Amino acid sequence: MLRPLLAATLLTVSLSSAQTTPGWPAEVTKVEIPCSDGVKQAAMWFNPSAKGKKPLLVGLHTWSSHFASAGGDAVYAKWCIDQGWIFIHPDFRGPNWTPPAMGSDRAVQDVVEAVAWAKTQAEVDDSRVYLIGVSGGGHMAMQMAGRHPELWAGVSAWCGIADIAQWHRDHTKDGKPDRYAQNIEAALGHAPTADDAEARKRSPLTRLKNAASVPLDIAHGIHDGRKGSVPFTHALLAFNQVAAEADKLPVEAIQAYYASQTLPAGWAASPPDPTFGLNTPLFRRTSGNTRVTIFEGGHEIVHQAALNWLAKQRKGQPVVWEVKDFIPLAADGTSGK
């Protein structure tokens, strides 16, 4: 739930100069959102000029990035410009190497407050508030799905970190932490210990059981962890936290799948999904409102699949899994209307 203070603080906005930000479309501007702790959270923002209620897309930056980092996140903005959606790209305390960042209570509240602020500035269709992120953004997307499922009509999480302590182990070799493990230690104030309470709180695995009510699409490239920083086991273990008991994947089979990159016995190959293009889905399991897909690819997001899936979701209506008619995205992320 939103804290009462927001009603008083979210009525002002400070715009930067009209200069464009590198990597972002010219229509996207910098804004500052007053937060309940007295800090102003920077964000990238687009509000279409058309009247009437419109979908809101909340795009989450990656692990080492911040609100103004464009890269692939600019594709979210381009989609919103083309489709007439509202777009916000909040900072939620910036890169994940300080205590207020990395899925903390404060970072979570920043995203909540960014949504609340957007609703004071634009005509948001409450039935179409969407969340998307990849890598560190995938981590935060799953964190928000579990912490605040009431906000979202759909959450699309790609190559996200599900377990902070496990990811620290993934990036510690011969007792030496690499930069990602060092980031975790800096954010926590220590290296994660066995059953570390603070690491658990910042891990989506801890709260994802609360996300059963929200359409949640988790996807991960099969080569990630080898050609990328997050082993795809994180996606499958995240799925298990939301899935019905009968749909859960055996942990031993998950580990075997990662080790061999070959489907375990009894795991059916995914049916075709043209929205993924050349990133062919290899394995897919659905349980209620949650789906996980392992696809041909690495540490990446397939924007065409993610955005077209989100566009089909409506809060309070059954989740739509099969996307038959979709809007193709060009190589630069530009979509048709």
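The values are calculated or read from the model by the stated rules, or taken from the named source; none is laboratory data. Keep in mind that this is a model prediction, so the values were computed, not measured. For neighbour counting, all protein chains shown are included, and Cβ atoms are generated from backbone atoms with ideal geometry for every residue, glycine included.
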Close pairs from the stretch 167-186: first more than 22 Å from P100 (Cα to Cα), partner surrounded by 16 or more Cβ atoms within 10 Å (Cβ to Cβ) and of a type in the set (A, V, I, L, M, F, W, C), Cβ under 7 Å, at least 6 apart: T172/A181
Among the residues listed as A18, A8, A42, the single one being at pLDDT below 95 and not in a loop (DSSP other than H, G, I, E, B): A8
Selection count, the stretch 258-290, where residues are among the charged types (D, E, K, R) and in contact with a helix residue (DSSP H, G or I) (Cβ under 8 Å, 6 or more places away or on another chain): 2
Any hit, the stretch 308-318, residues being under 24 Å from L208 (Cβ atoms) and small (G, A, S): yes
Meets criteria (in contact with a Pro (Cβ under 7 Å, 6 or more places away or on another chain), crowded, with 23+ Cβ neighbours inside 10 Å and over 13 Å from C35 (Cα atoms)) for A114: no
W63 vs. criteria over 14 Å from the mean Cα position of the chain (by Cα), buried (at least 21 other Cβ atoms within 10 Å of the Cβ) and either more than 15 Å from K30 (Cα to Cα) or among the basic types (K, R) (or both): no
Any hit, the stretch 142-151, residues being modelled with pLDDT of 95 or more, among the charged types (D, E, K, R) and over 30 Å from T262 (Cα atoms): yes
Listing of helices (runs of 4 or more DSSP H) fully contained in the stretch 193-288 that carry 1 or more residues being surrounded by fewer than 17 Cβ atoms within 10 Å (Cβ to Cβ): 197-201, 251-260
Residue match in the stretch 297-305 (condition: more than 26 Å from V251 (Cβ to Cβ), of a type in the set (G, A, S) and buried (at least 17 other Cβ atoms within 10 Å of the Cβ)): yes
